[in-house]
Amino acid sequence: MIETPFALPTADGKKIFGMVNHESTPADTLLIFVHGLGASGNRHIFYNAARYFPQRGVDVCRFELYPGGAEGRFQLQCTMKTHADDLNTVLAHFRPKYKKIIVAGHSLGVPTVLQADLKHMDAIILMSGAAREFMDHPTMKLIEPLPGTPFYKTNYGVTSILS
């Protein structure tokens, strides 16, 4: 398996960094993963998928929504529109190279996929990151209001603030 990195310029002067996993002969189908809040393209589900699917004739693209650094964005600089625009940039780059493009959004990647330009996708997969055992846990509140503010906080092992 071959892992080919890419960096795509954005309209606002940043770069989208990612990786395409493929066999020596690229496939005609590309599966693009869109990660969720606080995650990355190297989360185990995407990392393992990038090794599984190319062996079965499907190339895999994993890109970062907020890689940080001098050329990438940070999470606090992003909106859902930013994420959808970045996905559109990735789709526009790969559309001419593949006969079929499948996009899989996980967790917060789901609304990113749904806000992007669906005409560039041949199929979509929407995956929830919510685990039933956490949702029913008597002492763990996954999303709760942040008192005195218009914000909410989440607790999935890492606390995040949401508008």
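The values are calculated or read from the model by the stated rules, or taken from the named source; none is laboratory data. Since the model is a prediction, treat every value here as computed from it, not as a measurement. Here the Cβ positions follow ideal geometry from the backbone for every residue, glycine too, while neighbour counts run over all protein chains shown. The area values use the complete protein model at the heavy-atom level, side chains included, leaving out ligands, DNA and RNA. Shrake-Rupley method; radii C 1.70, N 1.55, O 1.52, S 1.80 Å.
If the chain between E3 and K100 were fully stretched, how many nm would it gain, using 0.36 nm times the residue separation less the Cα-Cα distance? Could the numbers behind the result be given before it?
Values: separation 97, 0.36 × 97 = 34.92 nm, distance 1.97 nm.
Here the answer is 33.0 nm.
Could you estimate the translational diffusion coefficient of the stretch 1-99 from the Stokes-Einstein equation, with Rh from the Kirkwood formula over C-alpha pairs, at 37 °C and 0.692 mPa s, in whole µm²/s?
239
Over the chain, average the accessible area per residue using a 1.4 Å probe and give it in Å², no decimals. Walk me through the numbers before you get to the answer.
Values: 9290 Å² over 163 residues.
Computed with neighbouring chains in place, this is 57 Å² per residue.
Here is the link list: K81/K119; K15/K100; K14/K99; K99/K119; K14/K97. Which ones come out longer than 19 Å on Cα distance? Spell out each step's value before the answer.
Values: K81/K119 17 Å; K15/K100 25 Å; K14/K99 28 Å; K99/K119 13 Å; K14/K97 23 Å.
Result: K15/K100; K14/K99; K14/K97 exceed 19 Å.
Per the 1.4 Å probe, what fraction of the accessible area of the chain, in percent, lies on carbon and sulfur atoms?
Working: 5380 of 9290 Å².
Within the chain, the accessible surface is 58 percent carbon and sulfur.
How big is D, in µm² s⁻¹, for the stretch 1-48 by Stokes-Einstein at 25 °C and 0.890 mPa s if Rh is the Kirkwood radius over C-alpha pairs? Could you put the intermediate results ahead of the total?
Numbers: Rh = 12.4 Å.
Using the Kirkwood radius from Cα pairs, D works out to 197 µm²/s.
Between helix 80-94 and the chain, what is the angle of the helix's C-alpha long axis to the longest principal axis, kept within 0 to 90° and rounded to the nearest 10?
Helix 80-94 sits at roughly 10 degrees to that axis.
Return the calculated 222 nm mean residue ellipticity for the chain, to the nearest 500 deg cm²/dmol, obtained by summing -39500 (n - 2.57) across DSSP H runs with n ≥ 4 and dividing by the residue count. Provide the component values of the computation, followed by the final result.
Numbers: 4 runs with 35 residues, N = 163.
About -6000 deg cm²/dmol.
Residue separation times 0.36 nm, minus the C-alpha to C-alpha distance between D12 and C78: what's the value?
22.6 nm
Place the peptides 22-28, 100-106, 63-69, 52-58 in order of packing, highest mean first, counting for every residue the other Cβ atoms within 10 Å and averaging per peptide. Write out the running numbers ahead of the final one.
Working: 22-28: 13.1, 100-106: 20.6, 63-69: 18.7, 52-58: 15.1.
So the order, starting with the most tightly packed, is 100-106, 63-69, 52-58, 22-28.
Considering amide H positions built from the backbone, and no H for Pro or chain starts, which residues 5 or more places from I125, or on another chain, come under 5 Å of its amide H?
When sequence neighbours closer than 5 places are left aside, the close amide H contacts are V103, A104, G105.
Suppose a student asked you for the relative contact order of the chain, using Cα pairs under 8 Å spaced at least 6 residues apart; what percent would you report? Write down the numbers at each step before the final one.
Details: 294 pairs, mean separation 31.6, N = 163.
Result for the chain is 19 percent.
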